[in-house]
Amino acid sequence: MPKKVLVPLAEGFEEIEAVAVIDVLRRGGLDVLVRSLDDALEVEGAHGLVIKAETAIGELGADDIDMIVLPGGGGGTKRLAEHAGVQSLLAAMDAKGKPIGAICAAPIALNAAGVLKPNYTAYPGVEKEIRTEGFQGDRAAVVEDANVMTSRGPGTAICFGLEIVKKLAGESAYESVKRGLLADYCA
């Protein structure tokens, strides 16, 4: 049975990060659950692209999924950081040691939940809203610390998705998807 990955969409999400990650994970054989924060299933991204979620996040719990991945985007990140259900789910995932991912500005939402680990990366400047200690900047496209994976932004979204595929579906799936995407630039 494929592992389940939740990608919650909040109004103002960064479209490239959401779409690229969802696509790469599905190519890797993972079951991606695209959920909105409320009953409005059509969610508008930061640049006007509207994506229809499958359903609302509802009562989804840490036992129902294998990983949660937050796309960035300033408005979306703010909503994820303020959404009680997302914050509670992040804390529950962390308490169980389950994988958590965030890209671009979304580590702000992880920090709000108290689950961001000492070493992380994010979109340049976001560290000023979190903390500069442990910020890896451009040293790596993806930084993994304990059960938390973070990535820099739209340009690193494919590499971020690939690292998640490697973690959840294995090296063979990772290599196959990477080859098919012509993503040799991903480490």
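Carbon-plus-sulfur fraction of the accessible area of the chain, 1.4 Å probe, in percent? Don't skip to the answer; put the middle values down first.
On the way: 4040 of 8250 Å².
About 49 percent, which is the carbon plus sulfur part of the accessible surface.
Largest GNM mean-square fluctuation across 30, 90, 116, computed for the chain with C-alpha springs under 10 Å, falls on 30. Here the contact order of the range 89-187, divided by its residue count and restricted to Cα pairs under 8 Å and six or more residues apart, works out to 24 percent.
Antiparallel beta bridges, as assigned by DSSP with both residues in the chain, represent about 30 percent of the total such bridges. The calculated P(r) of the range 15-88, using every Cα pair and 10 Å bins from 0, goes 17, 55, 27, 1 in percent.
Quick one: dipole size for the range 1-154, taken about the Cα centre, charges +1 on Lys/Arg Cβ and -1 on Asp/Glu Cβ, in debye to the nearest 20. Numbers along the way, then the final one.
Working: 15 positive and 23 negative charges, 82 e Å.
Dipole size: approximately 400 debye.
For the chain, what relative contact order do you get, as a whole percent, if you take Cα pairs closer than 8 Å and at least 6 residues apart? It rounds to 22 percent for the chain. Full extension of the chain between residue 23 and residue 184 yields a length gain of 56.2 nm, computed as 0.36 nm times the residue separation minus the alpha carbon distance. With contributions of -39500 (n - 2.57) from each DSSP H run of at least four residues, the per-residue ellipticity at 222 nm computed over the chain stands at -10500 deg cm²/dmol. Each Lys and Arg Cβ is given +1 and each Asp and Glu Cβ -1; about its Cα centre, the range 130-174 then shows a dipole of about 80 debye.
Provide the per residue accessible area, probe 1.4 Å, for the range 27-157, rounded to a whole number of square angstrom. Before the final figure, lay out the partial values.
On the way: 5730 Å² over 131 residues.
That works out to 44 Å² for each residue.
When the Gaussian network model of the chain links Cα atoms closer than 10 Å, the mean-square fluctuations of 55, 121, 150 top out at 55. Rounded to the nearest 20, the Cβ-based charge dipole of the range 33-102 about its Cα centre (Lys and Arg +1, Asp and Glu -1) stands at 260 debye. Over 30 Å apart at the Cα level, from the set 4/128; 52/117; 3/178; 3/78, are 4/128; 52/117.
Fully extended, how many nm does the chain gain between residue 171 and residue 56 (0.36 nm per residue separation, minus their Cα-Cα distance)? Could you put the intermediate results ahead of the total?
On the way: separation 115, 0.36 × 115 = 41.40 nm, distance 3.20 nm.
Gain on extension, residue 171 to residue 56, equals 38.2 nm.
Determine the relative contact order of the range 106-155: mean sequence separation of Cα pairs under 8 Å and six or more apart, normalised by residue count, in whole percent.
Numbers: 71 pairs, mean separation 19.6, N = 50.
So the answer I get is 39 percent.
The values are calculated or read from the model by the stated rules, or taken from the named source; none is laboratory data. Given the structure is predicted, the values throughout are model-derived calculations rather than measurements. Ideal geometry is used to build each Cβ from the backbone, glycine not excepted, and the neighbour counts take in all protein chains shown. Just so you know, the surface numbers come from the protein's heavy atoms only, side chains and all, with ligands and any DNA or RNA stripped out. Shrake-Rupley method; radii C 1.70, N 1.55, O 1.52, S 1.80 Å.
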